[in-house]
């Protein structure tokens, strides 16, 4: 009886790991362009720990704060092989040149800025549970109301933690050192 129970538990664990892996593996196939105008697929992040943040360059509050936190953390964290990835939720306005300017405001070791087409960006964000909604500001201007989360992805391309986008850099650094160094 104990043997059957162990097999049952093993099957459940394998099923859960496979179903999560398959969902995130779809994200690896979505094309992006870096802030340096280079084609990019998340398959390039295989065997790398990274921090993922979704935002847009025209944001006046949440995104600059989160990107500043991420930048500071990447420069101070013990493991210099951790990457930061900023994905624009506003590819209609955020071309590679615009993303490059935004990234340069927050210089960091291993920080990558990405943009893509709208359909792929929405699909990618949804895979990670990120929602965004256009908010009309009048005069042909808009903002985005979006999920404000910092997402930690491990070397096996699994989500290992989520934190609010307003997390302090000291707290994020502690979490990265704890979560990524134990893996």
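Okay, here's what the table says:
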item	result
Beta bridges per DSSP with both ends in the chain, % antiparallel, nearest 5	65
Mean Cβ neighbour count within 10 Å, used as a protection proxy, ranking 113-124, 35-46 highest first	113-124, 35-46
Those residues of the stretch 83-112 whose amide nitrogen sits under 14 Å from the label point placed on residue 48, 7 Å along Cα→Cβ	83-87, 108-112
The chain - mean residue ellipticity at 222 nm from DSSP helices (-39,500 (n - 2.57) per run, n ≥ 4, rounded to 500)	-13000 deg cm²/dmol
Cα gyration tensor shape of the stretch 37-123, rounded if a/c is under 1.5, else prolate or oblate by comparing a/b with b/c	oblate
The stretch 2-181 - percent relative contact order, Cα under 8 Å, separation 6 or more	27
Distance from the stretch 35-91 to the stretch 108-152 (C-alpha centre basis), Å	12
Estimated FRET transfer efficiency (residue 139, residue 61; beta-carbon r; R0 22 Å; 0.05)	0.65
Taking N as its residue count, the alpha carbon Rg of the chain over 2.2 N^0.38 Å	1.11
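Just so you know, all these numbers are worked out from the coordinates, no wet-lab data involved. Note that the coordinates shown come from a computational prediction; the quantities given were computed from them, not determined experimentally. All Cβ positions, even for glycine, are placed from backbone atoms using ideal geometry, and neighbour counts span all protein chains on display.
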